[in-house]
Amino acid sequence: MECTSSRRTASTQWVYRSLERREADALLLRHKLGLSAHQGGEVMGLDSAEFTLLSRRALCKMTTQT
């Protein structure tokens, strides 16, 4: 979605360049928007365990890249 990418902050753009899209979505839903695993899973069509795994994997990737 090109129209939304121009409105993203530099840090959000960096997250999307650094991770797979679903990982970036999960990370931002959890840590930027503060959604619970249950809420984030509902948004992404996942159960809470799958969402938690995805967001933790994203966080792990981000911490090893910096």
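Overview of values
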read-out	value
Any hit, the range 38-56, residues being under 11 Å from the mean Cα position of the chain (by Cα), free of Cβ contacts under 8 Å to residues at least 60 places away in the same chain and open to solvent by 40 Å² or more (accessible area, probe 1.4 Å)	yes
Filter result (at pLDDT 95 or above and either open to solvent by 100 Å² or more (accessible area, probe 1.4 Å) or among the acidic types (D, E) (or both)) within the range 18-37	E20, R21, R22, E23, D25, L33
Failed criterion for L46 (all others in (1) part of a loop (DSSP other than H, G, I, E, B); (2) within 19 Å of T12 (Cβ to Cβ) hold)	(2)
Residue that is farthest from Q65 (Cα to Cα) [pool: residues in the range 5-17 that are open to solvent by 90 Å² or more (accessible area, probe 1.4 Å) and charged (D, E, K, R)]	R7
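The values are calculated or read from the model by the stated rules, or taken from the named source; none is laboratory data. Every value quoted in this text rests on a predicted model; they were computed, and no experiment measured them. We place every Cβ from the backbone using ideal geometry, glycine too, and count neighbours over all the protein chains shown. To get the accessible areas, we keep the full protein, side chains included, count just its heavy atoms, and leave off ligands, DNA and RNA. Shrake-Rupley method; radii C 1.70, N 1.55, O 1.52, S 1.80 Å.
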